Ligand code: IVH
């Protein structure tokens, strides 16, 4: 790029464009461009900022994940305290609140706003001159923790607002981890042997109160903004509803399920709707919040203690139930873990009949003092497998039995504990809470490894789920993951399976074929190496670029990677040492599965991310040669001028592309400038 001023202009344009596309994607959930186009914009910006570091600013979209880890989180004083909310646990309590404030206001009719009370983490975001400058937790309401760097990684928080605002203002909202993301995170953590988060709220809090923003960046956090804290030096709307609309216009993410409720009579049906539908939400809500709409009325009502009088949380009934724990069963997991689960007397909780519930491991069962025969509290959150919260000790009869996993799987004939599926020996590695089946060829494990390999987060082979894997496995059509890629040679046998017609066989084989080009991180994850979850797989793919390199890595090399300790390193080493695994990888490779990846952040070429369109005749070189030189320097060429075009290169007798470029404001270069650019960069 010719000079600093021009670079600055381009950088600003790119930032605005990227911010806009972030907003379309993360706030509106309605992208306008493909991921590849978005990546190209990002790459161009990164490249320019690399070239002109003096133009780099902390609010650049490239800096969302850029900050270095902190020693400790700083403290932020809240200029205006963050209050909490009073609760109503029934319709009567809600009406009592309404009667109270009607009396104080001297009027019974005023409109309200209903919102979901999201169970996440309250944050206050401060903007100065339109830029996000500070983000803080609620803390004790007066002082919170400075989590600015971490909040910057949340894509639905605008780093800069798109239009004029008061010079300084603060918005408040709830950061949360969507339910899907929460489960994925916990599955990861389980695989990596890390303690599990009890619920999405704790997971969100744990993710945001991190010293290293890179960890926060890997968690799919989101936010809903629910109020304006304060605004200095500018006019703001007169009602809460209009304030929410105003915040939306500033690109903040506001919950689309908020409703204006003309009077208290409307609140109950809003509440009932969500009591019924709450489980379908992508976030956990523990009630609704009812707020007085007019801000002058809010002002008149004021606060009592630490709670505003103008709002109340109307809580949802808990989805818990009690039943009897009949027994504890054991299933065998993918990595051979022996997983205890609760066998329950069937009970209906929130309209769903529950017969089984999760019990994570023996330690957990001991810690909660859960005994067979106990009356237990069970809890259902969202669509997930219910879990046993704990026993009701007062209901014990004395006949309850403590659980002992080794006793449970004891095989009298073999005179030792045995895997309930294959009968092999049971092991407990030092320092681990889980017991394992020692047989890598245990059918329960093999089958689940295939299921895991094909699952959505891994190779994403549509149609290969639990049932089909079981059938293929039992019929001897597959024994391991590599066999999937050789199924195409066994079409006849596939057609012989129940419910498998031409169409479903073709669909399945197509899906398998398509999975051959998954990114390396997915392949690493899909192999099912013990303790390797999504985050570690990403890390390894970034570091090694091919499975062969990863397999050849020494323990020291592995441990030199951030967050990889001896346990993970040993597990990787052990995996690649096993002959069976080496054979599987060899067969994957032969079948054409991509096991390598060009480094993403390879030295950025000088024209990376730039698209050139040529028009007219160039004197110095034929069109084809010009295009080759652009490509050799990392640029791309296009046949027509669009919004994506970086430069139009104009030769003699240009065509209509020149008009198009002018109308779009695309940068235009003549041949001399173009040659100069190539010489400079080449
Ligand atoms: S209004 C001054 N609106 O609930 C009014 N709070 O107990 C207080 N919360 O920590 C905030 N969803 O983080 C409000 N739609 C919503 C909310 C909400 C969740 C949280 C908030 C606060 C807690 C109050």
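The values are calculated or read from the model by the stated rules, or taken from the named source; none is laboratory data. No experiment lies behind these values; they were computed from the predicted model shown. All Cβ positions, glycine included, derive from the backbone under ideal geometry; neighbour counts span all protein chains shown.
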Per the list (1) assigned to a loop (DSSP other than H, G, I, E, B); (2) crowded, with 17+ Cβ neighbours inside 10 Å; (3) in contact with a helix residue (DSSP H, G or I) (Cβ under 6 Å, 6 or more places away or on another chain), residue check on residue 592 breaks on (2)
Give the number of residues within segment 42-61 that are modelled with pLDDT of 90 or more and more than 22 Å from residue 680 (Cα to Cα).
-> 3
If you go through segment 57-77, how many residues are over 21 Å from residue 130 (Cβ atoms) and either within 16 Å of the ligand (Cβ to nearest atom) or part of a helix (DSSP H, G or I) (or both)?
-> 0
Going through segment 167-178 in order, the residues found to be more than 16 Å from the ligand (Cβ to nearest atom), outside any strand (DSSP E or B) and crowded, with 17+ Cβ neighbours inside 10 Å are none
Go over the candidates 12, 6 one by one and state the one that is surrounded by fewer than 17 Cβ atoms within 10 Å (Cβ to Cβ), in contact with a strand residue (DSSP E or B) (Cβ under 9 Å, 6 or more places away or on another chain) and not in a loop (DSSP other than H, G, I, E, B).
-> 6
In segment 190-248, which residues are more than 16 Å from the ligand (Cβ to nearest atom), part of a loop (DSSP other than H, G, I, E, B) and closer than 24 Å to residue 72 by Cα?
-> 194, 195, 196, 197, 210, 211, 212, 218, 219, 220
Across segment 517-573, what is the number of residues that are surrounded by fewer than 17 Cβ atoms within 10 Å (Cβ to Cβ), within 24 Å of the chain's Cα centre (by Cα) and either at pLDDT 95 or above or assigned to a helix (DSSP H, G or I) (or both)?
-> 2
Of (1) in a helix (DSSP H, G or I); (2) farther than 24 Å from residue 3 by Cα, residue 640 fails just (1)
Keeping to segment 119-130, report how many residues are surrounded by 18 or more Cβ atoms within 10 Å (Cβ to Cβ), away from the ligand (no atom under 16 Å from the Cβ) and part of a strand (DSSP E or B).
-> 2
Could you look through segment 131-164, keep only residues that are surrounded by fewer than 20 Cβ atoms within 10 Å (Cβ to Cβ) and closer than 19 Å to residue 249 by Cβ, and pick out the one that is farthest from the ligand (Cβ to nearest atom)?
-> 164
Check 299, 266 and return the single one that is within 16 Å of the ligand (Cβ to nearest atom), farther than 30 Å from residue 187 by Cα and either assigned to a helix (DSSP H, G or I) or in contact with a strand residue (DSSP E or B) (Cβ under 7 Å, 6 or more places away or on another chain) (or both).
-> 299
Conditions: (1) touching a helix residue (DSSP H, G or I) at 6+ places or on another chain (Cβ under 6 Å); (2) within 16 Å of the ligand (Cβ to nearest atom); (3) modelled with pLDDT under 95. Residue 114 meets all but one. Number of the miss?
-> (3)
Within segment 271-296, the residues that are farther than 13 Å from residue 314 by Cβ and either in contact (Cβ under 8 Å) with a residue 12 or more places away in the chain or within 13 Å of the ligand (Cβ to nearest atom) (or both) are 279, 281, 282, 283, 284, 292, 293, 294, 295, 296
Pull up segment 643-682, narrow it to residues that are in a strand (DSSP E or B) and more than 43 Å from the chain's Cα centre (by Cα), then point me to the one that is surrounded by the most Cβ atoms within 10 Å (Cβ to Cβ).
-> 650
When only residues in segment 402-415 that are surrounded by 13 or more Cβ atoms within 10 Å (Cβ to Cβ) and out of contact with any helix residue (DSSP H, G or I) (no Cβ under 6 Å at 6 or more places or on another chain) count, which is farthest from residue 198 (Cα to Cα)?
-> 411
Please specify each residue of segment 302-319 satisfying the condition of being surrounded by 14 or more Cβ atoms within 10 Å (Cβ to Cβ), away from the ligand (no atom under 11 Å from the Cβ) and either farther than 26 Å from residue 199 by Cα or modelled with pLDDT of 85 or more (or both).
-> 314, 316
